[in-house]
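Shown next, in structure tokens, is the structure this report addresses.
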């Protein structure tokens, strides 16, 4: 990682994406001794409302807790893009699920399309693994943190008995990202 | 000396979790509350953690009852806390006045959201600061702490309990939703860096005890209910025995004593941070998440050669008046960014008294003030 990295995970409430931000920040703090924070935004309608979590990772103490120049954004709903598609750094890596997001800014961002929901459904059978797949895809595209650190944080957060499945979900996302990068 | 060779314990907590964990370290053993966004996680955590340390957690039927419950528990000798947000803070005001009047130590957390009324439940506001100062009727001492970073939320929560115990008065912790909900690295202090203060108990036997005995100073020793010391508490003006009085001289001196507990101890209660202040020309005065935006704006301004600096109160009430008056006399201008329509501004305006121009940045849409917005104002001052 260079000195400073910002990521935004945007979705609708219920997709479980806020957790991905927590895991990423925890990986940076506990397993790479960096500074990190995550800051969620959601509405009073917890399920179905547009939601996002911003993650900032830095080598030194972070002053302002919101993103201002985002390096990576994941978007799992069109209205989440419409609401939260701002503050992206030029050349931002933008990962979208093409079944859920149709229109984004393709001029200023590097857009990657991965049917994350379909992949999760087919490979994992349970939608609760969406955030682990998404996290794997994010690390695959950006290598913002070491895979080992993120996996350790994921194992720490995973409910007992789901460790193996979460690890698999992460790998599914990570591998799909590497395929995207080659194509 | 602190153990500088040892590594600090590092946690990854939300602001709300940090308050809950720090409260336990401070000795909090009773929490009563009513769930309200964006403060609910404080209750969540304590509902699990308090029973583990022999404490009690009560979910009450409403905000008013929650405030009443912690006052009662405080009288039995426990360190107590409740947590709420704007709408609940409004409801608690009457009992907050009661706690101030009977001098019951307690900590009240307000994780501020957008207002007025139910406002913006999931988004930030900083608009309850004047309510903290003036929300309940009558003249009573007010202590309110406004930490901005989670390391500081931890240490200031412990300090809130210490001040409540030391001065027998309610103490507020005011953070905004951004600080309450963000998860951040928290570097914990070492044990020997933490000071814990407990209320002074009476040294006299029960038969000689009076609940408002000022023989030893302005803060009377406090006995625990059910420990053999029997005493009466009332919100009415009362004498040293705790019973109602209308004696004008006594009412006057007792109300003055209440205020003096804080006014005569400003040196102990007031804390603040000054950044790039030595040669400062453009001064930003901010707290909470607005101050974190200002910290970036000031660094950016300095890198452009502008002599910007910040005064950041950690204790909002009593306000660091002396320091701000002094700074106002030597700067070109002051900027006050806050997530309300100008509450801190009133205080600053009063203290500056025309000595320099003041600019306001006020946002109430639920989005925090960004560094660029403050920098833009610094640049055009």
| query | Could you count how many residues in the stretch A:2-22 are more than 21 Å from residue A:109 (Cβ to Cβ) and in a helix (DSSP H, G or I)? | reply | 3
| field | Selection status of residue B:288, more than 14 Å from chain A (Cβ to nearest Cβ) and modelled with pLDDT of 95 or more | value | no
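For (1) under 21 Å from residue B:132 (Cβ atoms); (2) surrounded by fewer than 17 Cβ atoms within 10 Å (Cβ to Cβ), each residue gets a yes or a no:
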| site | (1), (2) |
| --- | --- |
| B:250 | no, yes |
| B:253 | no, yes |
| B:268 | yes, yes |
| B:274 | no, yes |
| B:281 | no, yes |
| B:285 | yes, no |
| B:291 | yes, no |
| B:311 | yes, no |
| B:319 | yes, no |
| task | Would you point out the residue of the stretch A:85-98, among those that are more than 17 Å from residue A:17 (Cα to Cα) and out of contact with any strand residue (DSSP E or B) (no Cβ under 7 Å at 6 or more places or on another chain), that is surrounded by the most Cβ atoms within 10 Å (Cβ to Cβ)? | result | A:86
| message | Take residue A:25 and tell me if it is at the interface with chain B (Cβ under 7 Å from one of its Cβ atoms), more than 16 Å from residue B:368 (Cα to Cα) and under 13 Å from the mean Cα position of the chain (by Cα). | response | yes
| remark: Among (1) closer than 21 Å to residue B:319 by Cα; (2) surrounded by fewer than 15 Cβ atoms within 10 Å (Cβ to Cβ), residue B:190 falls short only on (1)
| request: Determine, yes or no, whether residue B:103 is more than 14 Å from chain A (Cβ to nearest Cβ) and surrounded by 22 or more Cβ atoms within 10 Å (Cβ to Cβ). | output: yes
| task | Return yes or no: is residue A:66 at pLDDT 90 or above, within 10 Å of another protein chain (Cβ to nearest Cβ) and closer than 30 Å to residue B:36 by Cα? | result | yes
| remark: Those residues of the stretch A:48-58 which are out of contact with any helix residue (DSSP H, G or I) (no Cβ under 8 Å at 6 or more places or on another chain) and modelled with pLDDT under 95 amount to A:48, A:49
| remark: Among (1) closer than 29 Å to residue A:23 by Cα; (2) surrounded by 15 or more Cβ atoms within 10 Å (Cβ to Cβ), residue B:53 falls short only on (2)
| Is there a residue being more than 14 Å from every other protein chain (Cβ to nearest Cβ), surrounded by 24 or more Cβ atoms within 10 Å (Cβ to Cβ) and in contact with a helix residue (DSSP H, G or I) (Cβ under 7 Å, 6 or more places away or on another chain) anywhere in the stretch B:68-78? | no
| strands (runs of 3 or more DSSP E) (entirely within the stretch B:143-243) containing at least 1 residues that are more than 14 Å from chain A (Cβ to nearest Cβ) | B:143-145, B:170-176
| query | touching a strand residue (DSSP E or B) at 6+ places or on another chain (Cβ under 6 Å) and farther than 28 Å from residue B:173 by Cα - does that describe any residue in the stretch B:286-299? | reply | no
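This table checks each residue for (1) touching a strand residue (DSSP E or B) at 6+ places or on another chain (Cβ under 8 Å); (2) facing chain B (nearest Cβ under 9 Å); (3) surrounded by fewer than 21 Cβ atoms within 10 Å (Cβ to Cβ).
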position: A:31; (1), (2), (3): no, no, yes
position: A:38; (1), (2), (3): yes, yes, no
position: A:81; (1), (2), (3): yes, no, no
position: A:107; (1), (2), (3): no, no, yes
position: A:111; (1), (2), (3): yes, no, yes
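The values are calculated or read from the model by the stated rules, or taken from the named source; none is laboratory data. Source: prediction; values computed, not measured. Using ideal geometry, Cβ is built from the backbone for each residue, glycine included, and neighbour counts are taken over all protein chains shown.
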